[in-house]
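First comes the structure, then the notes that go with it.
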Amino acid sequence: MSSILNIKNVNKNFGKISVLNDININIDKGDFLVLVGPSGCGKSTLLNCIAGLEKINSGDIFIDNKNMSDIAPKDRDIAMVFQSYALYPTMTVEKNITFGMKVRGLSDEIQQKKLIEVSRQLQIETLLKRKPGQLSGGQRQRVAMGRALVRNPKLFLFDEPLSNLDAKLRVEMRTEIKRLHYDLGASMVYVTHDQIEAMTLATKIVVMKNGFIQQIGTPEEIYNHPANIFVADFMGSPAMNLIHAQTKKEKDNYKINIKLANGEVASLTEKRKLKLPKDIIIGIRPENITENGSKNKQNAQVITSNVDIVEPAGSDTYVVTKLGETEVTARFHSETKVKIGSKIDFLLDLEKASYFNPSSGKRI
Amino acid sequence: MINSVGKNQLNKIILRIFLYLILSVFVIYYLLPLFVMITTSLKSLEEIRTGSLIALPRNITFEAWGTAWSTACTGIRCEGLKPFFWNSIFIAIPAVIISTLIGAINGYVIAQWRFKGANIIFALMLFGCFIPFQVILLPMARVLGLIDLAGSISGLIFVHVIYGIGFTTLFFRNYYVSIPVELVKAAKIDGATFLRIFWSIFLPLSLPITVVTVIWQFTQIWNDFLFGVSFSEAGTQPITVALNNIVNSTTGVKEYNVDMAAAIIAAMPTLLVYIFAGKYFIRGLTAGSVKG
């Protein structure tokens, strides 16, 4: 596969505040790259830099192996969809979609042909004569996508395109974007602060914080092997449980001691070949803490603790207990009979656990 | 129960009547001068001398209007207001158009194409709105002399454009600042240039604020007296200066009816602008706060 977007050592600052620090990302044709992170992490700025709407202070951005440093946004062969849709308010849907082609001097026939093609694809044929003010949020979003699609660009850029939609529509449009990506085989860069959007859409995720890349990887890698505590905590809902613990080296494995809420110490055994320091933070996802009695896994270990809260969520029930100082969420079957206040056995699947260094926050 | 409801209703009606009574008093108080002006302008001098100030005219005559328009004397010239009316038109229309256009482009740049120092430049322009007319009289006279526009219609247009830019920029900047910056970004990616974005996207959005600016500028320029009297010469005086001269040059009898008619003629264009575009004025002032 050939590279479609290659970002090399990019730095960007606004005055004295640096917003992007040594960013390096490379994606191949057909990739769906999602930039995710909390607000203010620099993800939108990075997208604007790719589009050429913001100048970078150092480094290089290559699109389809061409250096974009001195190339204007219009000549980068990109299309962009914005959070506020950015439809031209005084133009009809038709004019909105064809404006770019008109500016670029394409013939009327081509404009009409593309317009019909795209409006059919997005099912907005009946809206062509309306103005943006007469459309619903979802329809505006479709028009904005239409404006990007007619361009048939090398790279699509999406800047939080679903944030202004209500929850139901957001899920629908998410599926639609995914389908579009599949149908077109297009390369896309997508910015969001919603980790579920990131997980469902991406073929590659970049997690950012304060202008630094925290981790680059497939959704599976990011979810199961987070590079540090920040990524572990940010990706996944409910968040990964992070529990302080002490280790003790034994012959060919480690004993992991977790202080319980009542002062007792629970001792677990880590059988994987790892090298752990004395103090660690265990990162374990809710779905890897289950009710005793459900299919016992090989490396499963039992901890007995009090049930503090039971939260039925339909398909699952979340059970909260306290281990050491931290609240820990476990994912139980929806038919569970556990009651608040009762003392039950929790089953921890340590095979799936991640370990972090408490001082650096990095994965061990 | 029923009784107290009825009482409440009655109280409300009495309050209403009281309210309208007060409002009517103020309306009459406010409109009385205009009423006196119109009735006086329709009376003959004879009737003015013998009748009461607020009485309706017994015989309506438009003689005074004709005199004011074409034969009344301003100093030694006796051509009425007509030539000066046209002077004012020739000053006001170009000055309004030019200052509005410059304001629109300034506002567009300051609001949507942020550059280093944009805030300082805007603050300075805003400061320009607060400089009193009197302060710039002498420097402006010197500048007009230097660029050879002293005493000409073009000179007055120049003065009004310069003085108006602060206001027009302020209006357009405040209007454009509420438009999301992403519009410009989207248009840039679509390949539109600076002027194309202004022409195709921003200008079509600007009707309400354009109306506000045009009304404001037209009223200011048409009603201006100080610049008119300072920077004009015999043939280039605007209507406000001519009105003053008509009222002040009396030969024997004071022709109140002619004075009144002249004053109404001089005020007519701004009055018409308000009547026909007034609703856009209110709408434009509150626009921008409403999301499209």
What are the DSSP H helices in chain B that stretch 30 Å or more along their long axis, judged by alpha-carbon atoms, and whose average Kyte-Doolittle hydropathy comes to at least 0.0?
B:2-41, B:82-112, B:153-176, B:256-286
Work out, step by step, the length gained on full extension between B:Val5 and B:Ala123: first 0.36 nm times the residue separation, then minus their alpha carbon distance; give nm to one decimal.
36.7 nm
Bin width 10 Å, alpha-carbon pairs only: give the P(r) of the range B:2-61 as whole percents, running from 0 to the bin holding the largest distance.
20, 27, 19, 15, 12, 7, 1
Classified through the alpha carbon gyration tensor (a ≥ b ≥ c as square roots of its eigenvalues; rounded if a/c is under 1.5, else prolate when a/b is larger than b/c, else oblate), the range B:1-148 comes out oblate
Could you please rank B:Thr74, B:Thr61, placing first whichever residue has the fewest other Cβ atoms within 10 Å of its Cβ?
B:Thr61, B:Thr74
Rounded to a whole number, the mean other protein chain Cβ count within 10 angstrom for residues of A:72-80 is 3
Net charge around A:Ile309, counting only other residues with Cβ within less than 12 Å of its Cβ (Lys, Arg = +1; Asp, Glu = -1)?
-1
List the extent of the Cα atoms of the range B:82-286 along each of their three principal axes, largest first, rounded to whole Å.
73, 40, 25
What translational diffusion coefficient, to the nearest whole µm²/s, does the range A:215-364 have by Stokes-Einstein, given a Kirkwood radius computed over alpha-carbon pairs, a temperature of 37 °C and 0.692 mPa s viscosity?
209 µm²/s
Positive-end extreme of charge dipole, chain A - chosen from A:Ser44, A:Asn6, A:Ala144 (charges on Cβ)
A:Asn6
Isolated cysteines for chain B, Cβ-Cβ cutoff 4.7 Å, are B:Cys129
Here the whole-number average of other chain Cβ atoms within 10 Å per Cβ of A:86-94 is 5
What relative contact order, as a whole-number percentage, does chain B give when Cα pairs under 8 Å and 6 or more residues apart are counted?
28 percent
One would report the antiparallel percent of DSSP beta bridges in chain A, rounded to the nearest 5, as 75 percent
Which of the peptides A:310-318, A:36-44, A:335-343, A:176-184 is most tightly packed, and how do the rest follow, going by the mean number of other Cβ atoms within 10 Å of each residue?
A:36-44, A:176-184, A:310-318, A:335-343
Over the range B:2-61, calculate the relative contact order: mean separation of alpha carbon pairs under 8 Å at least 6 apart, over the residue count, as a percent.
26 percent
Take the alpha carbon atoms of the range A:222-285, find their center, do the same for the range A:78-148, and report the distance between the two centers in whole angstrom.
51 Å
Most mobile of B:Phe171, B:Phe198, B:Phe227 in a GNM of chain B (Cα contacts under 10 Å):
B:Phe198
P(r) for the protein assembly as shown: what percent of alpha-carbon pairs falls in each 10 Å bin, starting at zero?
3, 11, 15, 15, 13, 13, 11, 8, 5, 4, 2, 1, 0
Where does chain A land at 222 nm, in deg cm²/dmol rounded to the nearest 500, when only DSSP H runs of n ≥ 4 count, each adding -39500 (n - 2.57), divided by all residues?
-7000 deg cm²/dmol
Mean Cα-pair separation over length for chain A, i.e. relative contact order, pairs under 8 Å, 6 or more apart, %:
15 percent
Taking only the alpha-carbon atoms of the range B:182-245, the convex hull volume per residue, in cubic angstrom, is 124 Å³
Protection proxy ranking of B:265-272, A:78-85 - average other beta-carbon atoms within 10 Å, highest first:
A:78-85, B:265-272
Counting only Cα atoms, I'd like the Rg/Rh figure for the range A:3-234, Kirkwood definition for Rh.
0.97
Between the alpha carbon centres of the range B:67-100 and the range A:9-57 the gap in Å comes to 61 Å
Based on Cβ point charges of +1 for Lys and Arg and -1 for Asp and Glu, what charge dipole magnitude is obtained for chain A about its Cα centre, in debye rounded to the nearest 20?
400 debye
Using DSSP, restrict attention to beta bridges with both residues in the range A:253-355 and report what percent are antiparallel, rounded to the nearest 5.
95 percent
Highest-fluctuation residue, B:Leu146, B:Leu15, B:Leu56 considered, GNM on chain B with Cα pairs under 10 Å
B:Leu15
Just to be sure I understand: with springs between alpha-carbon atoms less than 10 Å apart, which residue in A:Asn26, A:Asn65, A:Asn228 has the highest mean-square fluctuation in the Gaussian network model of chain A?
A:Asn65
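Here, each number is a calculation from the coordinates, and none is a lab measurement. A quick note: this is a predicted structure, and the numbers were derived from the prediction, not measured. Quick reminder, even Gly has a Cβ in these numbers, built from the backbone with ideal geometry, and neighbours come from all protein chains shown.
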